[in-house]
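What follows is a set of notes on a single structure, which appears directly below.
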Amino acid sequence: MISTLEHDIQEQVISQSIPGFSLAIVKGQEVVYSNGFGVTNLEDGGVPVTKNTLFRIGSLSKPLTATAIMILVDQGRLDLDVPIIEYVPFFSLKDLGATNKITLRMLLSHTSGLPDGTDIVGSRNVDALEQYIRRDVPKLSLIAPPGLLFSYSNHGFNIAGYVAEYVTQTYFPELMRDLLFKPLGMSRTLYDPLMAMTFPLALPHERTETGHTVVRPFYENVANYPSWFAMSTAADYAKFLLIHLNATPLLSATAIREMHTLQVSRYNLQQLGCGLSFITEDYNGTPTIRHGGAIGTYTSFMLAAPEQQLAIVTLASQDYGIDLAYEILDQLLETTPDHTKPEVMIPNRSDWERYTGYYLGNQNGLVQIINDGQQLKMHLNGSEMTLHAHQNKLYFSQDTDGNSITTVGFVEDENEDVHYIVLNGQTCKRIEQEQVTQPKINWSVIEGTYSNGSISFGLKAFNDQLFLLDEDQEYFCRPLFGPFFFTEEQGLLEIKKHEHRTLLIVQGSWEFDQLGIESSPI
């Protein structure tokens, strides 16, 4: 299997023009395979990628942070269910009630209600994480009440990392080194780019019409270290995955079980949910944990079946590795696709009126739930589908063969009101009908280039259609209402005027300034 695997990966890396890629497979108590493919730098030749080549790992940083926190929980220095304001007295949010409620469990399971986001470029100072907690976090507005539902948040993990920093009185990178990396022998897992450049480092590459160009500068923001700014190697991350397959003196079996256990449902037919940092899911009958990472052009992914003591990690300098991880899991566990049709239950029609209305989601765009008296239906970005009840508050739509294609969970608050739905695992928030009737904006004033200083997008109108330009790709922007558009690839887009700036906001979190054009009324 290994020789065939190497040959297939080598062919894919070449055919898909992947600059650099690294992979490791863990089985039981050992790393059974690790290797690298491609080179670190296509511009200047670079050196061959190996299992010890550094990659940015994006949000694969989150399981590292969560594991370190669980070590402190094992030591009795932290408690998952104590409000974090009891650890950090100056912690605050716009919502004072939420300030007193949010716990580490909420932060690590993405149930705090905090938004996603954070800046890709920021301070390099060692105290930047604390300054972010004092200066930026108090300005954050919640997108949902604490503890109600899953909503992915980089801010949440940065805050959790700072709680560990504050309690131990040790700067976060040093704490991670001493608490986790050094005991596991992860000598090439780190945060500081100045240290990273002393090792072989796979550089990010942007696809252009003439080939690949190295992305410069190298992103840095110390405040984001806990959430998505770690660097590691396939060999190092495999050592980390080993402790999640085998209890060790470093991390107790109780802590491992807690991290792998569903903390919040994401309303899916495959038991999709979130543990403590890890995404949980039943994959073809096999319970799995997983997590992905993306920063710039880097893509990383880890997938594990703890009961079978199998784990896979992939690191790449382009979008590659996720499908491969599942292919390897299928081969090693000999899994077969589950073609069982989802069960349909008799719905409680009395709930339907509470469900109807419009919802807007950062990943899914505009959703309308309709009760026609006989069926519950959904309009999604221009497509209509009938919803079938699977469980209480969980519905799904089917294709012509009866296979599930979309799942919808209706989230009730303590008053049994429904202000949120979870569509295909992602949160959408109810909006008023008056918002949906807003007139569309003038496209001519929003064309141009948008940048945050590191990443750029373009907007271009052609034949009465709007397109988002990303590297050498063009993506159709479906007009929703007012300043909102939707793309299958980047999710929700919003054009917003702020003072004398025109902003492109991607997925409700990431802001890009329009360049070279004076702001006009939109």
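The values are calculated or read from the model by the stated rules, or taken from the named source; none is laboratory data. Note that the structure is predicted; figures quoted are calculated from it, not measured. Virtual Cβ from ideal backbone geometry, glycine too; neighbours counted across all protein chains shown. In case anyone asks, the SASA skips ligands and DNA or RNA and just uses the protein heavy atoms, side chains included. Shrake-Rupley method; radii C 1.70, N 1.55, O 1.52, S 1.80 Å.
Odds and ends about this structure:
- Selection within the stretch 167-200 - within 30 Å of PRO89 (Cβ to Cβ), open to solvent by 70 Å² or more (accessible area, probe 1.4 Å), assigned to a loop (DSSP other than H, G, I, E, B) and touching a residue at least 12 places away in the same chain (Cβ under 8 Å): TYR171
- Condition broken by LEU469, with the remaining ones in (1) among the hydrophobic types (A, V, I, L, M, F, W, C); (2) open to solvent by 40 Å² or more (accessible area, probe 1.4 Å); (3) over 23 Å from the mean Cα position of the chain (by Cα) satisfied: (3)
- Matching residues, the stretch 474-488, being touching a residue at least 24 places away in the same chain (Cβ under 8 Å) and either assigned to a strand (DSSP E or B) or among the β-branched types (Val, Ile, Thr) (or both): ARG478, PRO479, LEU480, PHE481, PHE484, PHE486
- Every residue from the stretch 302-355 that is hydroxyl-bearing (Ser, Thr, Tyr), open to solvent by 70 Å² or more (accessible area, probe 1.4 Å) and not in a helix (DSSP H, G or I): THR336, THR340
- Residue match in the stretch 244-265 (condition: more than 19 Å from LEU72 (Cα to Cα), part of a loop (DSSP other than H, G, I, E, B) and touching a Pro at 6+ places or on another chain (Cβ under 8 Å)): no
- When the stretch 272-300 is limited to residues that are closer than 23 Å to LEU423 by Cβ and among the aromatic types (Phe, Trp, Tyr), the one that is surrounded by the most Cβ atoms within 10 Å (Cβ to Cβ) turns out to be PHE278.
- The stretch 382-408: number of residues that are touching a Lys or Arg at 6+ places or on another chain (Cβ under 6 Å) and either among the small types (Gly, Ala, Ser) or closer than 23 Å to ILE143 by Cα (or both): 1
- Checking each residue in the stretch 449-466 for being open to solvent by less than 50 Å² (accessible area, probe 1.4 Å), in a strand (DSSP E or B), touching a residue at least 24 places away in the same chain (Cβ under 8 Å) and not aliphatic (A, V, I, L, M) picks out TYR450, SER451, PHE457.
- Contact map, the stretch 201-222: residues that are outside any loop (DSSP other than H, G, I, E, B) paired with residues that are polar (S, T, N, Q) and open to solvent by 40 Å² or more (accessible area, probe 1.4 Å), Cβ distance under 6 Å, separation 6+ or inter-chain. Pairs shown: GLU206/THR213; VAL222/SER123.
- Single match in THR286, THR335, THR299 (criterion: hydroxyl-bearing (Ser, Thr, Tyr) and either within 30 Å of ASN41 (Cβ to Cβ) or within 17 Å of the chain's Cα centre (by Cα) (or both)): THR299
- All told, VAL49 meets the bar of being modelled with pLDDT of 95 or more, more than 21 Å from PRO226 (Cβ to Cβ) and among the hydrophobic types (A, V, I, L, M, F, W, C).
- Any chance GLY76 is in contact (Cβ under 8 Å) with a residue 40 or more places away in the chain and within 23 Å of MET259 (Cα to Cα): no
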